[in-house]
Amino acid sequence: MGGRWIERWEPEDEVFWREEGERTARRNLLFSVLSEHVGFSIWSLWSVMVFFMGPQYGVDPAGKFFLIGTATFVGALIRIPYTFVVARFGGRNWTVFSALLLLLPTGLAFAVMEPGTSYTTFVLVAALTGVGGGNFASSMTNINAFFPLRKKGWALGLNAGGGNIGVPVVQLVGLLVIGTAGAVHPRIVLGVYLPLIVVAAVCAALFMDNLAPVRNDTGAAKEAVRARHTWIVAFLYVGTFGSFIGYSFAFGLVLQTQFGRTPLQAASLTFIGPLLGSLVRPVGGSLADRHGGARITLWAFAAMAVATSVVIYASLIESLAVFLAGFIGLFALSGLGNGSTFKMLPAIFLAQGHRKGLAGEAAEAYGRRLSGASMGIVGAVGGLGGLGINLAFRQSFQTSGTGTAAFVAFLVFYAACMGVTRAVYLRRPAAVPRTAEDVTEPEPRPGYAKV
């Protein structure tokens, strides 16, 4: 796939951006969103398939949580290699390939989704759907290279939010099938997505571009792994994206297990939270562009702690209405935090470039290459947070029959995220003695740079 390669790309040059860059970047963003959207739908496929797995399948709630967790785990791990293939093969070329790869797990699920299939087979097919989770990493790395720093929060938020909407959309498709054809026709859902995968791949081939200036940089990857801020932001992303994807996959099963909802009743509610969380993710990125990612992230975690307390209270008094209000609030707030947390990366590494004595285009180039390299690591660790949520629910339901203990653990974790965000990125640093050179070129600090 030779594809179209753009040889010159300078998004920080305002003249270049105004005359040709913005139009090209927006076109690539649009079709990147489409491909990532379908990828998220396939990754979250088993959050819908479990609705169709009645008693005749012989799979208990713990087994269903494990199926969902398997897809989450593989999707998280595969994000790391997906981050670096963009520079090797080109954003357009890899988007085409990764979209077509989704035909494999979807086609296999179509073949095996019936009573009598072994549980091991279901686990293997669920694992294969994890490739849909990898599309997020390659898409975000690609779009990060297209946009200037001042637009990254909006662009990354829109790209990720459009992809995240794939979760509620596949759940809505499942609801429509259950409501019309019944809970014995899971293949209809799969049949809907097979042609959509082909459409996403064809659109990427026709309308996207590869950036020649973006080359695979193993040095950047190694430096991103060694950078402490990569792992600090990854920890925070466990709290935001890990919550979003973990709750998205588990919400319907929690409603069935803890509140006795039927598959149709659960499916009619499941999509609401992921939809809100997806829609507000670009808002989180946009707010971070204006007010700083760390500040928005801190307030998002504080609000998530309040919403979690509401969910715990609802679980104790067994109120479905209060539980839904708190849980849907968690979705919206995690989506807001997703956008603000990811926006922190470009600003952090730009500030690090200044600390190394770089300025102008050199600092901007350093920020682009390090933030791009770190996104796969951050996305992978955040995805593993979704696995942790599903395992916590599995253990909580096995031991006590409710998810209350899991929510208490989540509340403690959100408090820890608040502490880390404030201590590392918002606490004003102590004054540092300055030389004359320092006065003319002040040392940027994360707390001042709208990280």
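The values are calculated or read from the model by the stated rules, or taken from the named source; none is laboratory data. Being a predicted model, the structure only gives us computed values, none of them experimental. Cβ atoms come from the backbone with ideal geometry, glycine included; neighbour counts cover every protein chain shown. Please note that ligands, DNA and RNA were not included when accessible areas were found on the heavy atoms of the full protein model with its side chains. Shrake-Rupley method; radii C 1.70, N 1.55, O 1.52, S 1.80 Å.
Before moving on, here are some points about what is shown:
- Summing Lys and Arg as +1 and Asp and Glu as -1 over all other residues whose Cβ lies under 13 Å from the Cβ of F301 gives a net charge of +2.
- For region 227-327, the pair-distance distribution built from all alpha carbon pairs, in bins 5 Å wide starting at 0, is 2, 11, 18, 23, 18, 12, 8, 5, 2, 0 percent.
- Sorted from longest to shortest, the spans of the Cα atoms of region 83-160 along the three principal axes equal 54, 23, 16 Å.
- A simple rule links phi to the HN-Hα coupling: the Karplus curve 6.51 cos²θ - 1.76 cosθ + 1.60 with θ = phi - 60°, which for region 158-164 gives 5, 4, 5, x, x, x, 4 Hz, with x for Gly and Pro.
- For region 166-270, the equivalent ellipsoid built from the Cα gyration tensor has semi-axes of 37, 25, 8 Å, listed from largest to smallest.
- Ratio Rg/Rh, restricted to region 54-106 and using Cα atoms, in which Rh is the Kirkwood radius: 1.18
- Partners of K356 within straight-line reach, counting lysines whose Cα lies under 25 Å from its Cα and excluding those fewer than 8 residues away in the same chain: K151, K152, K222, K343, K450.
- Ranking by accessible area, most exposed first, for V184, V311, V169, V202 with a 1.4 Å probe: V184, V202, V169, V311
- The value given for region 47-197 is a Kirkwood hydrodynamic radius of 16.6 Å, derived from the mean inverse Cα-Cα separation.
- Three semi-axes of the equivalent ellipsoid, region 146-190, Cα gyration tensor, whole Å, largest first: 36, 8, 5
- Shape box of region 215-264 [Cα atoms, principal axes, largest first, Å]: 52, 23, 11
- 37 °C / 0.692 mPa s Stokes-Einstein diffusion coefficient of region 307-346, Kirkwood radius on C-alpha pairs, µm²/s: 301
- Positive minus negative residues near M208 (Lys, Arg vs Asp, Glu; Cβ under 11 Å): +2
- Protection proxy ranking of 336-345, 256-265 - average other beta-carbon atoms within 10 Å, highest first: 336-345, 256-265
- Restricting the calculation to alpha carbons of region 306-393 gives Rg and Dmax of 18.9, 58 angstrom.
- Globularity index of region 79-124 is 1.58 (Cα radius of gyration / 2.2 N^0.38 Å, N = number of residues).
- Debye intensity ratio in log₁₀ form over the Cα atoms of region 11-107, taken at each q of 0.23 Å⁻¹: -1.22
- In sequence order, calculated HN-Hα J values of region 235-248 (Karplus, 6.51, -1.76, 1.60; Hz; x Gly/Pro): 4, 5, 6, 4, x, 8, 5, x, 5, 4, 6, x, 5, 4
- Amide H within-cut-off set for L211, under 5 Å, with H built and near neighbours excluded: I6, G91, R92
- The 3J(HN,Hα) values that the Karplus relation (6.51, -1.76, 1.60; θ = phi - 60°) gives for region 338-345 are, in residue order, 4, x, 6, 5, 5, 5, 5, 4 Hz. Gly and Pro appear as x.
- Range of Cα positions in the chain per principal axis (Å), largest first: 75, 51, 32
- Taking the empirical scaling 2.2 N^0.38 Å for compact globular proteins as reference, region 269-360 has a Cα radius of gyration ratio of 1.36.
- Given the chain, longest segment not containing exposed loop GluC sites (Glu not before Pro) (DSSP; at most 14 other Cβ within 10 Å): 8-317
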